[in-house]
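Here is the structure we will look at.
Nothing in this text is a laboratory measurement; each read-out follows from the coordinates by a stated rule. If you're wondering where the values come from, they're calculated on a predicted model, not measured in any experiment. Every residue, glycine among them, receives a Cβ derived from its backbone with ideal geometry; neighbour counts consider all protein chains shown.
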Amino acid sequence: MHNVANISALNHRLGILRIAEVVEGNGGLPRVRVTTDGAAGDIYLHGAHVTSWRPKDAEEVLFLSDRSRWQDGTAIRGGVPICFPWFGGKADDPKALAHGFVRTKSWQLESIENSGGCVAVCMSTDSDEVTRRWWPADFRLTYRASFGSKLKLDLELQNTGSEPLRFEEALHAYFRVGDVRSALLTGLDSVHYLDKTDLYREKVQHGDVQISAETDRVYLATQNALTLSDSVMRRRVSIRKWNSLTTVVWNPWMEKSEAISDFDDGGWSEMLCVETSNVLGYAVEVEPGQSHSLGVLIEVSSF
Ligand code: TA6
């Protein structure tokens, strides 16, 4: 389906010479590769999945597993998977794909625009007979990833049907860190969370989040901006979000990551997921003809 001729036709139609090219990525999957004076980045049509972002003079910001699979029907391990229309398992169907069906689907490349060195790549996907088998809804999703000195990700859902829609969503970002054991996530002090490693018990965060064991938490009713401080890479990653009422923080730690076949050895210590989301009781409702957008702005500074 993704043959070289199609990739080169897409590049001919939408690529921007020396700035954004559609190329064959891992597994032969089409990828938009952005290279400007200010930043470099990659986004796959498979899942509209951002796998890399490197602002000028900075190291890679996103974690990507060396053992990721690159094939239709499977999610890429790392980068920024898009979870929709459910998060985790589907409550009423244990056979449904975890985190929904759009991260394993091929999206349409709509446009690539360069504005002052910031390159915005826009992709979309619509409901079809396959998605309706899992979720009987009519929708259009549009995703705009802007690669520049900041990374801006914006996911818009349009309800194209005649019934109200209720869904969960997440930009499940895997941040690369030097050593998660010495990373600090600031901005969630006093926020209540559900601890998925402890039967979803509700707890309260005291101070910064420090990772010293498997961590899988849904922070509730929070729109707070966050800072991920990394004393090994000597940098701070600022994470500002909008239209999002939950933040998920995940690190599988050693044992759990060993059980995940596409996670590389030791990868758990080099990543932390901080996920802009609306999940569980904070699922979003959208009336027919209406839309909703969820977004995050990521910035890096060194120290
Ligand atoms: O965001 C945290 C989480 O829901 C965890 O519970 C964990 O399973 C993770 O996502 C990864 O899910 P995946 O389906 O990509 O293996």
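Structure notes:
- Cα shape, segment 112-226, gyration tensor, a/c 1.5 rule: oblate
- Mean residue ellipticity (222 nm) of the chain, computed from DSSP H runs ≥ 4 via -39,500 (n - 2.57), nearest 500: -2000 deg cm²/dmol
- Among 33, 201, 140, the order by Cβ neighbours within 10 angstrom, fewest to most, reads 201, 140, 33.
- Taking other C-beta atoms within 10 Å as the exposure proxy, 196, 56, 95 rank 95, 56, 196 from fewest upward.
- Rounded to two decimals, the Cα radius of gyration of the chain over 2.2 N^0.38 Å is 0.96.
- Pairs of Lys in the chain closer than 20 Å at Cα, counting only those 8 or more apart or on different chains: 8
- Fewest-first ranking of 181, 18, 176, using other Cβ atoms within 10 Å as the exposure measure: 18, 181, 176
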